[in-house]
Structure formats: structure tokens, C-alpha cells
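Q: Starting off with a structure, shown below.
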Amino acid sequence: MAKITSIIEEDAGWVAARVKGMADFSGKTILLTGAAGFLGSFLLDVLAAWNQSRSASARILAVDNDLVGLPERVSHLRKRSDIVFCTRDIGTPFEPGEPVNYIIHCAGVASPTFYRKYPLETIDVNVGGTRNLLELCRLHPVEGMLHLSTSEIYGDPSAEAIPTREDYRGFVSCTGPRACYDESKRLAETLCVIYHQKYGVPVKIGRPFNVYGPGQRLDDRRIIPDLLRAVIHNEPLVLLSDGRATRSFCYLRDAVWAMLEILLNGGAGEAYNLGNDREEVTVLEVAQTLRDVSDYPLPVEHHKSGDPDYLVDNPQRRCPDIRKLKALGDFEPEVLLREGLTRTLRSYREEYGRK
Ligand SMILES: NC(=O)c1ccc[n+]([C@@H]2O[C@H](COP(=O)([O-])OP(=O)(O)OC[C@H]3O[C@@H](n4cnc5c(N)ncnc54)[C@H](O)[C@@H]3O)[C@@H](O)[C@H]2O)c1
């Protein structure tokens, strides 16, 4: 199950009203890949909300191969004339059949559970898919392309590299259980930079740090959906670790604001950290905060994962330095974990009912 909720609608309207520069989309065509995924589906809601108030709206080509996305999450948008849905794999050469002004590349396989199940598909979309889009930009110049990379390109940074800046080169295994994702995202960034340098493609790179929020698959197996699923189903909050690793979680609406900021104002060929620098919390603190905001009676339990690779190469700390992103304009992460978890839980309770 996954559908639009009043919280998603409210957040999408908020982003559409908040982001300066979206007027550049008037009368333009935007190719959005990964449109049925967590970030892509919300971005589609943002663009749909923005179009509501425009006479010269944007046309959106929404592409997904439905490998891990939830097509029903965007079913409320299917009858709109300003959005064209297209089921296809961007890993094979892609011709949209009409001129495109902007590309927002959200296709990928983001959850460790899914990318370990689909390692080759993960490499194909990150490397082949990204190259196909860059090739499209080379042949038919666009005004801007946003490539979504990841904070995972940094691997497990040493203490002095935290908060992590964009010029940190990373500490990544090329053969470990996360390598299919981390290494192919690194190569995708290399492709972006080469296409910019060689062909002038105006591609900008965003490196998201742990985004969460309404609309994420509850069976996605990332920590926040896992904990929310437990609350929704009245089960204990289980951590498959000692809970001491830290993350800087970024609420969906802030993340998509940052994505649009990078697309519209970022430098071509440049990479930007994209996240929340206001809070670095342990995984245990996340579980405790969720217990708190949901008034949840069941305890937090620590179990051992049945998967021996579950914690292999899992970064111990994640915290972005986002000064480069902030220097682009007025982005400032607004939603702290407590409020973000409250909103996310309200959204899921609206969707699944309160048990
Ligand atoms: N969500 C996060 O916290 C986060 C963090 C870092 C990076 N990212 C990156 O941001 C992007 C979006 O993340 P997300 O959380 O929305 O991921 P997601 O897995 O929820 O969605 C990705 C979408 O891409 C689609 N897709 C996969 N392969 C495809 C292909 N070959 N052709 C067409 N569509 C394809 C999937 O079906 C899915 O709908 C991904 O590239 C991800 O790696 C996300």
C-alpha cells in the first residue's frame, strides 16, 4: 500500500511555494526518472502542486521501470494532462520522443536490502542509465540536469573527515557487500564530470544523506521505515545493531527543496552534499524519539541480523557539511527529527489506520 496523504499534499504544496526559481520551469518539459520511487514520487507531487497555480505549467515525463518503486503511490496523478507516465528501463538507450529542457535523475536502487538483491540492476541503472541520460543531453542540449548520487560515495569516513565535505575522497570497499551501490554511484559521478568537461553538459550532482519521510516503502528495510512499520503493526522496535552508529537524517521536504536548489542554482559539473547539518543522532536515539512521539508502549530491542553481511562496511558516522549547498541561495534545513518523525507517522497512520 502507498498513496497520497494529507501530509504529503501539505509538504508538496510547501515546497512548491518555498523554492525560488521554479518559474524557470514554466512552459518547459522535465524528464523525471525514478518517478515511482520515494524521492521521485514526492517530486512529482511538488511539480503537480506547482503546476496547479500556473498558466504556463511544466510538462513532466515521468519514467520508472517499477523495479522497486510503488506505481500506486503516484496513481492519483495518472489522469493529469501535464504528466506523461512511461514504464521503461533507462539502462537501455533512451529517446523521450520530444524535446526536454530539464532532467531530474532519481532512478536507482537505494535501499541496501534491494541493491543487494539486485546488484547488477543497481550497477546498470547507476552507470548505464546515467550515461544514457548524459548522452541524451549531449545530443539534445538541456538547460540543466540533476544527478542524484549519495553520501555513500564517502564510505566510512575517518573522524577528522566528519562533518564530511565534498572534497573528501572517501573510504570505500570495491568488493564488499555495498560495493555495487557505492562504486557505481562513484563512477556515475565520474561520468557526469566527464560529460560536463568534454561536452558542456550542465549536469549538477546532489549527494543525499539519509532522507526519510512519508511515502517511503514500509518494507524498504532502511531504519526509519523499519521502526515505523513496527509502530504501525504494534510490534517491538527492533534494532539489528547496538544502535550506536550515527546519522544526520533529512526530512523529505527539506531534501527535495535542496534538490531543486541544486538543479536551478548549482554549478555545472559540481557536486553538493544534500542533507541536514543540524542534528547527528544515534540509531538508538531515533528509536527512542519515535517511541516518544508515538507514545509507544513496547520497548526497543536489540537483535542479531540473520544476514552476516548486514553490518559489513556500514558507516559508523554520517554528518554532512552543507556550506556549499547553503551558499547557493536560501536553503536551510528546517525540519528536525522529532517533527519529521511526527509528520511521517501521521502520514502512515492516515494511510494504514491507527491500530
Ligand atoms: N532516499 C535516500 O535517503 C537516498 C540517499 C542517498 C541517495 N539516494 C539516491 O536518490 C535516488 C532516489 O532515491 P529513492 O530513495 O527515491 O530510491 P527508490 O529506490 O525509492 O526509488 C528509485 C526508483 O528508481 C526506479 N528504477 C530503478 N532502476 C530503474 C531503471 N533501470 N529504469 C527506470 N527506473 C528505475 C525504481 O523502480 C524506483 O521507483 C537514488 O538514486 C538513490 O540512490 C537516496
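Q: Per DSSP H run of n ≥ 4, the term is -39500 (n - 2.57); total these for the chain, divide by its residue number, and report the mean residue ellipticity at 222 nm rounded to 500 deg cm²/dmol.
A: About -11000 deg cm²/dmol.
Q: Report relative contact order for the chain in percent, whole number only (criteria: Cα-Cα under 8 Å, sequence separation at least 6).
A: Rounded, it is 18 percent for the chain.
Q: Lys and Arg at +1, Asp and Glu at -1: add these up for the other residues within a Cβ distance under 14 Å of LEU139 and post the number.
A: 0
Q: Could I ask something else about it? Under a Cβ-Cβ cut-off of 13 Å, what is the net charge of the residues other than VAL127 that fall near it, where Lys and Arg count +1 and Asp and Glu count -1?
A: My count for the surroundings of VAL127 gives -3.
Q: Looking at the chain, what % of its DSSP beta bridges pair antiparallel, to the nearest 5?
A: 5 percent
Q: Pick from PRO320, PRO214, PRO163: which residue has the top mean-square fluctuation in a GNM of the chain where Cα pairs under 10 Å get a spring?
A: PRO163
Q: Ok, one more. List SER149, SER294 from most exposed to least, where exposure is judged by having the fewest other Cβ atoms within 10 Å.
A: SER294, SER149
Q: Dipole of the chain, Cα-centred, from +1 at each Lys and Arg C-beta and -1 at each Asp and Glu C-beta, to the nearest 20 debye?
A: 400 debye
Q: Still on this structure, I have one more. I'd like the Karplus ³J(HN,Hα) series for region 296-307: coefficients 6.51, -1.76, 1.60, θ = phi - 60°, whole numbers in Hz, and an x wherever there's a Gly or Pro.
A: With coefficients 6.51, -1.76 and 1.60, one gets 8, x, 7, x, 8, 10, 10, 10, 8, 5, x, 9 Hz.
Q: Order of LEU336, LEU191, LEU139, LEU298 from fewest to most other C-beta atoms within 10 Å?
A: LEU139, LEU298, LEU336, LEU191
Q: Got a sec to turn the phi values of region 158-175 into Karplus ³J(HN,Hα) couplings, 6.51 cos²θ - 1.76 cosθ + 1.60 with θ = phi - 60°, whole Hz, x for Gly and Pro?
A: These are the phi-based 3J(HN,Hα) values: 6, 3, 6, 9, 10, x, 8, 9, 5, 8, 5, 8, x, 9, 10, 7, 8, 10 Hz.
Q: May I pose another question? Please list, in chain and number order, the residues 5+ apart from THR29 or on another chain whose amide H is under 5 Å from its amide H, with Hs placed from the backbone.
A: Those qualifying (amide H under 5 Å, at least 5 residues apart or on another chain) are ARG59, ASN101, TYR102.
Q: Here's something else I'd like to know. Can you work out the Karplus-derived ³J(HN,Hα) for every residue in region 212-222? Use 6.51 cos²θ - 1.76 cosθ + 1.60 with θ = phi - 60°, whole Hz, and x for glycine or proline.
A: Residue by residue, region 212-222 yields 9, x, x, x, 6, 4, 6, 9, 5, 6, 7 Hz.
Q: Arrange LYS28, LYS3, LYS204 by Cβ neighbour counts within 10 Å, fewest through most, would you?
A: The fewest-first ordering by Cβ neighbours comes to LYS3, LYS28, LYS204.
Every number in this text was worked out from the coordinates using simple rules, so none of it is lab data. Being a predicted model, the structure only gives us computed values, none of them experimental. Backbone-built Cβ (ideal geometry, glycine too); neighbour counts: all protein chains shown.
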